[in-house]
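Okay, so here's the structure we're looking at.
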Amino acid sequence: MIKATELVRPLLGFPELLDRENAMRKGLAEQVQARSMSLLERNVRIQKLHSQLLDEERSRLSAAPANASKPPPAVTQWRQSNPESCGRLGGDSGTCY
């Protein structure tokens, strides 16, 4: 997943937000692999961080000069990934990363 999201990185206005998400993703993957965390708990933590990052992105975008261009589809997909349903058993696995 980290390699896949690297394709989106240069398209983001604030790529360090994706870097933070990927750093957490790597750490949580290690915990899941070590069986010290469940996959469901990992999904909840990623969802919460993703939501916080989107809030931070919105805050930064509102403070920046207006850009009338529409974001690339990959950016929109990243923003829509990991919704709250990912933290529930049987979540929408099509958008849970």
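The values are calculated or read from the model by the stated rules, or taken from the named source; none is laboratory data. This structure is a prediction, so every number in the text was calculated from the model and none was measured. Virtual Cβ from ideal backbone geometry, glycine too; neighbours counted across all protein chains shown. The protein model used for the area step is the full one, side chains on, heavy atoms only, and it has no ligands, DNA or RNA in it. Shrake-Rupley method; radii C 1.70, N 1.55, O 1.52, S 1.80 Å.
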Worksheet item: Is it true that some residue in the range 57-75 is open to solvent by less than 30 Å² (accessible area, probe 1.4 Å), at pLDDT 90 or above and under 19 Å from T5 (Cβ atoms)?
Response: yes
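Could we say that R45 is open to solvent by 50 Å² or more (accessible area, probe 1.4 Å), touching a residue at least 40 places away in the same chain (Cβ under 8 Å) and part of a helix (DSSP H, G or I) here?
On the way: open to solvent by 50 Å² or more (accessible area, probe 1.4 Å): yes; touching a residue at least 40 places away in the same chain (Cβ under 8 Å): no; part of a helix (DSSP H, G or I): yes.
In short, no.
If you scan the range 5-41, which residues turn out to be among the hydrophobic types (A, V, I, L, M, F, W, C), in contact (Cβ under 8 Å) with a residue 60 or more places away in the chain and either outside any loop (DSSP other than H, G, I, E, B) or closer than 18 Å to L61 by Cα (or both)? Steps first, please.
Initial filter on the range 5-41 (among the hydrophobic types (A, V, I, L, M, F, W, C)): 7-8, 11-12, 14, 17-18, 23-24, 28-29, 32, 34, 37, 39-40.
Filter once more, keeping what is in contact (Cβ under 8 Å) with a residue 60 or more places away in the chain: 7-8, 11-12, 18.
Answer for the range 5-41, where residues must be among the hydrophobic types (A, V, I, L, M, F, W, C), in contact (Cβ under 8 Å) with a residue 60 or more places away in the chain and either outside any loop (DSSP other than H, G, I, E, B) or closer than 18 Å to L61 by Cα (or both): V8, L11, L12, L18.
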